[in-house]
1. Any idea which residue in the stretch C:687-711 is nearest to the other protein chains (Cβ to nearest Cβ), counting only those that are within 22 Å of the chain's Cα centre (by Cα) and over 14 Å from residue A:243 (Cα atoms)?
2. Could you run through the stretch A:1-33 and say how many residues are more than 16 Å from ligand 2 (Cβ to nearest atom), assigned to a loop (DSSP other than H, G, I, E, B), crowded, with 17+ Cβ neighbours inside 10 Å and within 11 Å of chain B (Cβ to nearest Cβ)?
3. Can you confirm whether the stretch C:278-291 contains a residue that is at positive phi and more than 16 Å from ligand 2 (Cβ to nearest atom)?
4. Tell me the residue from A:154, A:127 that is away from chain C (no Cβ under 14 Å), touching a Phe, Trp or Tyr at 6+ places or on another chain (Cβ under 9 Å) and away from ligand 1 (no atom under 11 Å from the Cβ), please.
5. Could you pull out the residue among C:318, C:322, C:306, C:326 that is part of a strand (DSSP E or B), surrounded by 24 or more Cβ atoms within 10 Å (Cβ to Cβ) and touching a Pro at 6+ places or on another chain (Cβ under 7 Å)?
6. Within the stretch A:180-207, which residues are open to solvent by 20 Å² or more (accessible area, probe 1.4 Å), in contact with a helix residue (DSSP H, G or I) (Cβ under 8 Å, 6 or more places away or on another chain) and without any contact (Cβ under 8 Å) to a residue 40 or more places away in the chain?
7. Which residues, taken from the stretch B:25-73, are within 22 Å of residue C:35 (Cβ to Cβ) and out of contact with any helix residue (DSSP H, G or I) (no Cβ under 7 Å at 6 or more places or on another chain)?
8. Considering the stretch C:482-524 alone, what residues qualify as being under 19 Å from the mean Cα position of the chain (by Cα) and β-branched (Val, Ile, Thr)?
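The values are calculated or read from the model by the stated rules, or taken from the named source; none is laboratory data. Just so you know, these numbers come straight off a predicted model, no measurement behind them. Don't worry about glycine lacking a Cβ; one is built from the backbone with ideal geometry, like all the others, and counts go over all protein chains shown. Side chains included, ligands, DNA and RNA excluded: accessible areas come from the protein's heavy atoms. Shrake-Rupley method; radii C 1.70, N 1.55, O 1.52, S 1.80 Å.
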Amino acid sequence: MYAFTFHRPQTVRQAASLLAKNQEAKLLAGGHTLLPTMKLRLAGPPQLIDLSLIDGLAGIEQSGRSLTIGAMTRHNDVNTSPVVQQAIPVLAKLAGMIGDPAVRHMGTIGGSIANNDPNADYPAACLGLGVTIVTNKRRIKADEFFTGMFSTALEPAEIITKVSFPIPKKAAYQKFRNQASRFALVGVFVSKRGSDIRVAVTGAGSNGVFRVSSFEEALKKRFSPKSLEGMTIPADGMNSDIHGSAEYRAHLVGVLARRAVAEAIGKSAA
Amino acid sequence: MAANTAAVSLTVNGKPVTAEVDPRTLLVQLLREHLRLTGTHVGCDTSQCGACVVHVNGKATKSCTVLALQLGGANVLTIEGLAAPDGPLHPMQEAFRENHGLQCGYCTPGMIMTAVDMVRRKGNDLDEHTIREELEGNICRCTGYHNIVKAIAAGARAMRGTSAAKAAE
Amino acid sequence: MSATGIGAAVRRKEDRRFITGTGHYTDDINRPGQVFAYFVRSPHAHATIRSIDVKSATAMPGVLAVLTGAELGADKIGNLICGWMIHSKDGSPMKMAAHPALANGKACHVGDPVAVVLATTLAQARDAAEKVKVEYAVLPAVTDPAAAQKQGAPQIHDVAANNTIYQWHLGDAKAVDAAFKSANHVTKLDIVNNRLVPNAIEPRAAIGDYDSGTGTFTLWNTTQNPHVARLVIAAFVGMAPENKLRVIAPDVGGGFGSKIFIYPEEVVALWASKRVGRPVKWVADRSEAFLCDAHGRDHVTHAEMAFDVDGKILGLRAKTIANLGAYMSTFSSSVPTYLYATLMSGQYEIPQIYCEVDAVYTNTVPVDAYRGAGRPEATFVVERLVEVGAREMGQDPAELRRRNFIKKFPHQTPVIMNYDAGDYNASLKKAMDLADYKGFAKRKRDSARNGKLRGIGFSTYIEACGIAPSQAVGSLGCGVGLWESAEVRVNPTGSVEILTGCHAHGQGHETTFAQLVSDRLGIPIDNVSVVHGDTDKVQFGMGTYGSRSGAVGMSALVKALDKVEAKAKKVAAHLLEAAEGDIEFKDGKFSVAGTDKSAAWGDVTLNAYIAHKFAGQELEPGLKEGAFYDPTNFTFPAGCHICEVEVDIETGNTEIVAWTAVDDFGVVINPMIVEGQVHGGIAQGVGQALCEGAVYDKEGQLLTGSFMDYCMPRADHLPSMNVDTTVTKCPSNPLGIKGCGEAGAIAAPAAVINAITDAIGTEDLTMPATSSAVWLALQKANRMPHAA
Ligand SMILES: Cc1cc2nc3c(=O)[nH]c(=O)nc-3n(C[C@H](O)[C@H](O)[C@H](O)COP(=O)(O)OP(=O)(O)OC[C@H]3O[C@@H](n4cnc5c(N)ncnc54)[C@H](O)[C@@H]3O)c2cc1C
Ligand code: FES
Ligand code: FES
């Protein structure tokens, strides 16, 4: 790692002002993306601003038809929360598919979506559920938040404080792992809330998480895997690397979408 | 680099520890280099192998991916603290020995610490599928996992009702 | 069988330190005043080094020195070597290019060390390394072994035209051609044996410590063979005479071959410690390990097998191009030749075999022995040919194997080896029973109902272990003898230290060697300690690899124990006032035949030292004996592995649903440890078959440079395994041991690929059979249901 100074602000405001003072400074949440990058010297922020002492950034709350999860809430806490398990069971399940138990003890939802790794799981849930991301400055709709791989609508000195999830009627997530990294080679999140149908895909796109409107249209007619039969998405725009070609990824999007819909309506996948 | 250091106080294996460290010091470095607790190993630089797993406030944590300075006031348990030196082994340690759950021993401390945490979260009756899934973050190159899986199932059963089970909570 | 003797599943003596975190691996050791080494490595696969400017790096805080190939040359530090001479068909010797420990004017692979920074802390060394300015002139690179031989390919070393190191062959080409002419059926396969990264979980490390007062060097090193390291670093690198160099291999966290070799980093640690007058420590990062630990395998092969009308094998021919990487590593030349082609007969009676091997340089990390070394590659060729042959001829693969098995021993193959004992039918039959082969058809139907393709694959492998008879390997070009040594030191109180030239890094020698002694001397196993891994303590030895420690190392121990017993009998004779010939030794007791007079082991050992009962002229005091054992033949472990898979037809994902292994390892000292070795070997073989593979891009960058991209088998890649044995004793060594360390890695890849290809109904599949590769194979074979 390159040298840095370490700060532990007590409030979001203090954190924001530290951030504002130094463009190069970085927030540290669970550190499970940032620290590995720093260890490999791929990042060298001169200042690290640890969010872990700030009160009120972690926690899970349900009010009416919406579930709010604080930015510093660890994956493990989402996974094991009875509130989440009850309100949006697939979200608890998804959190339990991220990395391994030790990663889940540290990694946070805020860090995951701020980072917007093109193979990460939470971005699929956020886009697939149509969440609202709340920062110290404003509220941002998921559709506007994820702007490309590793990039988001966050401005300098903007800090995610919480994520607000509308509670869907039906939802499911199918993750097909990259066998080496265990991130998603392709992950498909589907949800249905009234007439709002969403299909969000992570891992596959060369520009990060995205929605598949053709699948959504088809599912609007009937929310059933049958509606997606024979449907694929074009391979251009898909990521292609040693782990899978664009064609393979495009193919998996179709397969996983059908399986996710089947799971969402309580039928066995396949 | 300027002489940029900061102090951190925490508890390691039940003993209070204060250290003056370079901010880039990782927990694993604090343990190995400052405290000479070399049972915690480093097997990768991408946070994947789990050779470095310890417990932070009772939870399995990759000590290669936490800064010492993040841990002010924390309670850290390492493989050296699992059983008293020369005392009886922790049931999970005993199970690894009894079931030949180790060969070169390099991944072993991380495996055992992960296993103890697994029992805390998943209980004493662990089926093979659960154990294999839970070992996602621990790589062993020697054993093919077969005996590790057996050892963890046996260790979990042996931890039932023991003080070790309590201590892990 | 006693509770701790030969054949008992004794729990390991070494475990306590490992499960309590009190082992001592190289990185756990620190020397007073030590400084840290960090290597500046070439970011280019092939480049001329125009200049190296170390000025600003040297001025960085904490830096003691920045050293390059120029200083290394000035100090006359010699090159690393490959110790096994291979001659080409035309009689010319292999083309070994210079391999300096720090690049000398040219970098030949990404990761080639170019300079080293020595600093007080590792962070300082790393900071300063970034300030070393190296000016490179980048040259075109080649990474593919077949492309490397083509006209116009970038030339890596002047000594090797067309990057070709040797063009070697074995067998009778004409006789094989004749056999093929008379064939009823010929099976042809193009095979890629994928490049693997060994990835022992402990990264390599070295501490060099020069003592100017005595002029001696000490090296703590993650090595499988400390004496060989000392020999090479002394005799070839010229660091110091052997008697001034001590090599210590403390606890070592896995090796699998990759820690046999003598690498630049340990040479530099030693040399630099003299240069800067401080102990020098180097520990590899995992990312660094990917770029500097020798890789394994990497063959491209075309192979053909000829059958007669009855399915009897008439002949086999293969042409292999072996990628040895940018330099010839310590034993690299032997792996694709004498450890490969000599195993092409498998378990079968094959009248004629011909194998050609070209070894080539490429701009990649050097390739050398990795678990199995040559034998997995050979087994893959043979077992794929037999399986595919059976399918093409519409025969049952098990039956075809059975028909061709060697049944009479000893059996001379056409490729050097003389198999001494085995019963291949027995292991096949037992494995088929355990795997419920009869029930497979039903299981396949059940899987199909769930949208899964089920397949079953066999691998009836053989390996040559117990490496190796010195005379034999000498005649084939090996630069060292491959005997082993043992010393037994009996203390006055009767406890025993045994010193072995073998080295354990997971194999459990501290237990198995002690079992042998406990069994033989009738003393408690806790009274036996095993000493290894230190050239100052142990007589010369050859280390541990090639499943040799049991068959060769323990045989040496048996010889030494014979001598101990003989001497102890003499002492007992004096003590019991009887004739030496009347002394019997059993269960730790010496007795006089036909009387009730006896003496306990401890009485005799004490008397050997107090020497009150005999005169020094007739018998020397003390009880300590040594022996060297040179095997008379290789040993030939063999067996049958059966793998059953389910393939998800839509995603191409393969799940191994069952594994059965029945191996014949000869006499087993500790079945628990043997099973563990089999499990671990299978996991590595499954890794090769399903997910591991080093991939380079055209520029020579390693795309799989971390665990993020190089897939290490996890617990959920593997099933629990059904492991069993059959036994035929090895006739060539006193214990009847064959060896077990590599079997799994040798058998597994073919079993997995045979199973997957059985499931998907096409042979057009290369390793690793990742889900995307299987999906692609299904696409090509048009077996995919319409994209739906
Ligand atoms: C071995 C391993 C396996 C993993 N597997 C998976 C996986 O399968 N799926 C998956 O999705 N992820 C995976 N991850 C990533 C993991 O989920 C990370 O924890 C997560 O992506 C980042 O969260 P963090 O809290 O650790 O963030 P950090 O690493 O602390 O921060 C990440 C980035 O976000 C910024 N940031 C953090 N918090 C905020 C905030 N509140 N507001 C604004 N910016 C912020 C930071 O400045 C930094 O740039 C894995 C990680 C590891 C080490
Ligand atoms: S060293 Fe921490 S995960 Fe590998
Ligand atoms: S026992 Fe060697 S890595 Fe697990």
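1. By that ranking, first place goes to C:687.
2. 3
3. no
4. Being away from chain C (no Cβ under 14 Å), touching a Phe, Trp or Tyr at 6+ places or on another chain (Cβ under 9 Å) and away from ligand 1 (no atom under 11 Å from the Cβ) holds for just one of A:154, A:127, which is A:127.
5. Answer to the check: C:322.
6. Hit for the stretch A:180-207 is A:195, nothing else.
7. Within the stretch B:25-73, B:29, B:32, B:33, B:34, B:35, B:36 meet the criteria.
8. The answer is C:500, and nothing else.
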